[in-house]
Each structure stands twice: as structure tokens, then as C-alpha cells.
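Have a look at the structure below before the remarks.
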Amino acid sequence: MPLLAPDGGRMAANGVTVADVDEDGRLDVLVPGVTSPKGMVALFFGEGDGGFVRGEVLLAQGAGVPGAEVPRTVFYVGGGGPRGLVSGNSNVSPRGLSFYPATGPRTFLDSHSLGPDGSNCEQAEPVALIADGGRQVACLNGVTTPKRIKLGVMLSDAGYQAVGEALAPGARSFVSADFNADGQADLLMLTTTSLTLLGGDGAFGFVDAGSFGLAQGSGAGRSSIAAADFTGDGRLGVAVMGVVDGGARSDLFMVPLSAAGFAAPRPVPLAPSRFHAAVAPAATVGAAALVTCLRGNPTGSWVELVRFALDGGVFVESVSPVTGCDHVASGDFNGDGKPDVVTTGDGRVNVLIALP
């Protein structure tokens with residue numbers, strides 16, 4: 001089921017996020033995009049039966065003019081702090097994060113700059129709630145050499161305070177979770193050749209907690225990771241994907257983690273002549289899984305549902321064709337406990353509802 005772009009035409013999306021934005025118990029879809037006017041976030045509100053209602057279009061600062069903010073990632077913040085949306089932006093100076101304050105359950109103001117100063121956020125992610133109702137936010141700064149992951153705090157009055165940074169040379173992506181089960185939020189950083197765990201110290205700082213080398217091949221281009229309890233054993237793992245060997249093949253594998261560090265990776269079988277473009281945890285009840293975008297060589301797009309077993313088995317449960325799949329997210333959009341999927345690509349936003 002395609003969702004219409006705000007102008008009724010095609011939408012060049014930079015990603016897709018699933019969240020209960022209006023806090024009505026039904027999942028919604030957020031799409032950071034660069035369609036006309038340049039610099040916007042589109043909202044689609046879930047109706048709980050697999051259908052969606054198109055919401056308003058939120059404009060980034062300077063939308064439609066050269067140098068405007070271009071939202072790359074977007075996420076929802078609520079709870080005890082200021083309610084609204086946060087986007088990480090590229091093509092922006094001097095700040096890489098923006099905040100869209102909520103004015104009602106489904107209404108938001110256009111963005112205002114948040115921080116950090118002198119930054120350009122290739123990726124922005126929420127890290128953890130803090131005691132005063134604020135929220136830690138991490139920003140992968142792609143302008144500095146070497147790259148840095150800058151950490152700030154969104155304050156309860158919707159202000160921003162920079163609190164630290166971690167060096168991230170060669171970083172392609174990162175994900176935040178408590179990987180070593182010490183009660184602190186950690187950062188797991190992906191480069192083309194390694195995974196590096198930056199352990200949170202509880203005082204807005206990070207320490208190097210170990211690395212895991214990735215078989216490089218020639219022209220390695222791994223660029224996407226997702227963290228979840230894929231095996232259902234209470235331990236977090238990370239799924240890593242990308243194109244390797246100069247674009248000749250794609251690989252996808254899951255790496256379990258524990259307090260002792262990284263465990264042996266579990267490769268995921270791949271269909272011939274198809275390349276993985278993105279990966280995300282699948283929304284499931286009582287089962288561990290992830291969803292991936294597949295791109296054909298030379299044409300075609302598919303969504304793949306992959307499941308993991310406690311005995312170490314990895315198997316592909318289903319592969320479904322879709323019109324465009326550059327980014328993917330998952331949620332239970334109709335309340336049946338099965339993993340539904342939303343993708344963006346080829347100017348479309350597509351929703352796939354799991355079969356009964």
C-alpha cells in the first residue's frame with residue numbers, strides 16, 4: 001500500500017521511522033525527505049487497522065532556499081521532557097540538530113535549531129532519558145576530521161547543552177543501547193572494517209570497550225546496523241549489512257554481544273544478484289527477527305524477513321516484492337502481533353502488512 005507524498009507526487013526520502021507520535025497507542029510513520037520544498041518531514045498517522053492518514057508537512061529552517069537544513073534522520077521525543085520531533089540535518093551551518101515542538105496531539109511547529117554548534121549530523125539518535133526530564137542525543141558529525149559523535153542533552157525547556165564527544169574515525173553509522181548490561185547507554189560504531197563498542201561511563205563520557213574486525217574484501221561499503229535481542233535469549237546483538245568486494249556482492253550477518261564482548265557472527269543467506277540496502281529490527285511478539293531491503297542487479301526491490309534461532313540457525317522466512325526499498329522500518333500496524341513493514345525508495349513510501 002503506497003502512502004502519498006505531501007504534494008501528491010514523488011518523495012525523495014532520506015529514511016523512515018516508526019513511532020507513536022500522537023500517543024494514541026497506534027504506530028505512526030515519519031519520513032525525513034528532500035522533496036519540494038527542500039527540507040521537510042512528512043507525517044502519516046496510523047489508524048490501528050493497517051491504514052494511515054496523511055498529516056501535516058513540517059518545514060526545516062530555510063526550506064526552499066540554498067543552504068537549507070536537509071533532515072537525514074528523525075525521531076520522536078515525549079515522556080517527561082518537551083514533546084516533539086528531532087531531526088539530524090546535513091547541508092546546514094552552524095547547527096546539525098533541529099526541534100519541531102508539538103502544539104497538539106498531531107500538530108507541530110516548523111523547526112528551530114537545537115545544536116550542537118559547528119556540526120553537520122549525518123545521523124542523529126536518542127541515547128537515553130536523564131533524571132530532569134531531558135534526553136541525551138548523539139550526532140554523528142561528518143564534517144570534522146576525524147569524524148566525531150557529539151553528545152548533547154535536550155533540556156526540559158527544549159534547550160540544548162553540549163556535554164561531550166567521542167572520536168569516531170571512519171564511522172558509517174552507529175546505534176545506541178546498553179550492550180554490556182551495566183545500566184549505562186553505550187554507542188556501537190560501524191566502519192567499513194570494524195565494530196567498535198564505546199561504553200557509557202554514566203557521566204556523558206565513553207570509553208573504548210573493544211572492537212570486532214569485519215572481513216573487508218575489496219571496496220567494502222558496510223553502512224547500516226541495527227541492534228535488538230535477535231535470538232530471544234535476553235542478550236543484545238547487532239545486525240550489520242552492506243556491499244563488499246567493489247559492489248560485486250552484499251553481506252549481512254548478526255553479531256551477538258554479551259558482558260564478555262563480541263561473539264562469533266552468524267551469516268544470513270542471501271539471494272543471488274540481490275544486494276542489501278538497509279536493515280532494521282522486526283516488530284514481533286515472541287520471536288526474534290529483522291527486516292532488510294534488497295535491491296536487484298540490475299533492477300527490482302524486495303523486503304526480506306530474517307529469523308534467528310537459539311540453536312544458532314538463521315533462515316529467511318519471506319521475501320516480498322516492493323516498489324523501492326532504500327530504507328526500512330517495522331511495526332505492528334494492525335494489532336495482530338505480526339511484523340509489518342514500511343519502506344521508502346524510488347520516490348515512494350510503501351506499507352506492507354503481514355499476512356495472517
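The values are calculated or read from the model by the stated rules, or taken from the named source; none is laboratory data. In this text, all values refer to a predicted model and were calculated from it rather than measured experimentally. Please note: Cβ atoms are built from the backbone with ideal geometry, for glycine as well, and neighbour counts cover all protein chains shown. Side chains are part of the model used for accessible areas, which takes the heavy atoms of the whole protein and leaves out ligands, DNA and RNA. Shrake-Rupley method; radii C 1.70, N 1.55, O 1.52, S 1.80 Å.
Points to keep in mind about this one:
- Modelled label positions at R106 and S156, each set 7 Å beyond Cα in the direction of Cβ, lie 3.1 nm from each other.
- Accessible area per residue (1.4 Å probe, heavy atoms of protein chains only) ranks E47, E56, E304 as E47, E56, E304, with the largest value leading.
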